[in-house]
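Notes for the one structure printed next.
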Amino acid sequence: MLFFDLPLRLGVLASGRGSNFAAILEAIEHGTVPAQVAIVISDRPEARALGHAQSHNLLTAVVEPRNFPDRAAFDLAVVERLRAAGVQLVVLAGFMRLVTPAFLAAFPGRVLNIHPALLPSFPGLHAQRQALAYGVKVSGCTVHVVDEGVDSGPILMQRAVAVLDDDDEESLSARILAEEHKLYPEAIRRIATGEIRLPGLSLAMQRQGVA
């Protein structure tokens, strides 16, 4: 049972090339994910994700941290643009900033991230390097709901990747990234179709009268 109309409106935040964003957009355009990208926002005007979005005639915005007195003010400016675009679900796709409690309060339970490890193992930066240093034989990627901790929110989906004897950080990262490009669109598809329930999303849509 769905509590909202499709397609699900996504707001994408990206700081760099946005390869996961590109994978999500490709799945949407192929008709396998019942969603649409309502806006792509970056904190860096040179981010390649912006150019990719513009080449697909998507709405984009640049919000630079240097123009705001603190993190909370920056986040509230991003929230304003997301709300103006009618975003229902926020997707972090290589967004290199920690979001504040004020941001999470604006989209409770409706902010997703993908992490290149099998959480709760190896949260934070350089997860692939951490995995190699620890000597694990299996790593992977995790789609999770963002909370106020570091990669500590509820886990939605995971995909495993074998760690090879001759792996270095670059080779392991490349194989994990290939799986991220499959996992992130699939997680969004399952959310859009109701196979994965996000209570915050259902409640927000009911409050907006979209039930």
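In segment 45-57, which residues are surrounded by fewer than 18 Cβ atoms within 10 Å (Cβ to Cβ) and closer than 20 Å to Glu80 by Cβ? Answer for segment 45-57, where residues must be surrounded by fewer than 18 Cβ atoms within 10 Å (Cβ to Cβ) and closer than 20 Å to Glu80 by Cβ: just Pro45. Residue count for segment 19-46, restricted to those that are in contact with a helix residue (DSSP H, G or I) (Cβ under 6 Å, 6 or more places away or on another chain) and without any contact (Cβ under 8 Å) to a residue 24 or more places away in the chain: 0. A Cβ distance below 9 Å, combined with a sequence gap of six or more or placement on separate chains, defines the contacts here; from segment 132-143, residues that are farther than 21 Å from Glu186 by Cα and without any contact (Cβ under 8 Å) to a residue 60 or more places away in the chain reach residues that are buried (at least 19 other Cβ atoms within 10 Å of the Cβ) and hydroxyl-bearing (Ser, Thr, Tyr) in the pairs Leu132/Ser139. When the residues of segment 77-95 are filtered to those that are among the aliphatic types (A, V, I, L, M) and more than 20 Å from Leu25 (Cα to Cα), the one that is surrounded by the fewest Cβ atoms within 10 Å (Cβ to Cβ) is Ala84. What about Pro65, is it touching a helix residue (DSSP H, G or I) at 6+ places or on another chain (Cβ under 6 Å) and under 30 Å from Glu170 (Cβ atoms)? Yes; evaluated as a whole, the condition is true for this residue. Of Ala102, Ala162, Ala174, all but one fail to be in contact with a strand residue (DSSP E or B) (Cβ under 7 Å, 6 or more places away or on another chain) and surrounded by fewer than 17 Cβ atoms within 10 Å (Cβ to Cβ); the exception is Ala162. Taking residues in segment 47-72 that are at negative phi and without any contact (Cβ under 8 Å) to a residue 12 or more places away in the chain, and partners anywhere that are in a helix (DSSP H, G or I) and not hydroxyl-bearing (Ser, Thr, Tyr), the pairs with Cβ atoms closer than 6 Å and at least 6 places apart or on different chains are Phe68/Phe74. One residue is enough: does segment 199-210 have a residue meeting the conditions modelled with pLDDT of 95 or more, on the phi < 0 side of the Ramachandran plot and charged (D, E, K, R)? The answer is no, given that none of the residues of segment 199-210 is modelled with pLDDT of 95 or more, on the phi < 0 side of the Ramachandran plot and charged (D, E, K, R). Val150 meets the conditions (1) part of a helix (DSSP H, G or I); (2) within 21 Å of Leu125 (Cβ to Cβ); (3) aliphatic (A, V, I, L, M) in every case but one. The failed one is (1). Total residues in segment 117-147 satisfying the condition of being over 22 Å from the mean Cα position of the chain (by Cα) and either of a type outside the set (Phe, Trp, Tyr) or not in a helix (DSSP H, G or I) (or both): the figure is 6.
Here Leu98 passes the criteria (1) touching an Asp or Glu at 6+ places or on another chain (Cβ under 8 Å); (2) at pLDDT below 95 except the one numbered (1). Of the set (1) crowded, with 16+ Cβ neighbours inside 10 Å; (2) of a type outside the set (Lys, Arg); (3) under 18 Å from Ala14 (Cβ atoms), all apply to Leu125 but (1).
The values are calculated or read from the model by the stated rules, or taken from the named source; none is laboratory data. Worth saying up front: this structure is predicted, and the values here are computed from it rather than measured. Positions of Cβ are backbone-derived with ideal geometry, glycine not excepted, and every protein chain shown enters the neighbour counts.
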